[in-house]
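All of the numbers you see were taken from the coordinates with simple rules; none came from a lab. Since we're looking at a predicted model, the values are computed, not measured. Positions of Cβ are generated from backbone atoms using ideal geometry, with glycine treated the same way; all protein chains shown enter the neighbour counts.
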Amino acid sequence: MTTQTQTTKEAQTIKREFEGVVASSKSEKTIHVRVETVKMHPKYKKQYVTSKKYSVHDEKNEAREGDIVRFRECRPYSKTKRWYMTAVVKKAA
């Protein structure tokens with residue numbers, strides 16, 4: 001006798017989430033966020049910092065330049081915008 005258990009597997013997608021500093025907030029509903037990551041050179045084992053800018057959707061225009069924000073991957077809003085802001089972690093002084 002075999003009992004068959006039926007498991008429902010929901011389609012869960014892994015959404016990448018980053019935290020970075022707002023580099024520009026001049027556009028309407030768009031901010032540009034700079035994310036810095038620390039990498040290690042494979043041969044010399046020295047750590048160095050690289051940065052990348054992301055175009056992030058800000059629906060309420062609440063983030064300002066210098067703020068630290070958290071953002072997550074989503075559907076494409078435009079040619080370059082594929083991220084949306086989830087929270088302002090720290091306001092700029």
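Details
- A search for C-beta distances below 9 Å between a residue of segment 13-28 that is free of Cβ contacts under 8 Å to residues at least 40 places away in the same chain and among the basic types (Lys, Arg) and any residue that is surrounded by 16 or more Cβ atoms within 10 Å (Cβ to Cβ) and in a strand (DSSP E or B), counting only pairs 6+ apart in sequence or on different chains, returns 26/32.
- Subset of segment 9-39 that is among the aliphatic types (A, V, I, L, M), out of contact with any Phe, Trp or Tyr (no Cβ under 6 Å at 6 or more places or on another chain) and surrounded by 10 or more Cβ atoms within 10 Å (Cβ to Cβ) - its residue that is farthest from residue 80 (Cα to Cα): 21
- Test: residue in segment 82-91 that is closer than 24 Å to residue 12 by Cα and outside any strand (DSSP E or B): yes
For (1) exposed (fewer than 10 other Cβ atoms within 10 Å of the Cβ); (2) among the aliphatic types (A, V, I, L, M), each residue gets a yes or a no:
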| residue | (1), (2) |
| --- | --- |
| 41 | yes, no |
| 50 | yes, no |
| 54 | no, no |
| 57 | no, no |
| 63 | no, yes |
| 69 | no, yes |
| 81 | no, no |
| 88 | no, yes |
| 92 | no, yes |
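- Every pair of residues 6+ apart whose Cβ atoms lie under 7 Å, when the first sits in segment 75-93 and is within 17 Å of residue 59 (Cβ to Cβ) while the second is surrounded by fewer than 11 Cβ atoms within 10 Å (Cβ to Cβ): 82/76
- For segment 55-81, the set of residues classified as assigned to a strand (DSSP E or B) and closer than 10 Å to residue 30 by Cα consists of 55, 56, 57, listed by residue number.
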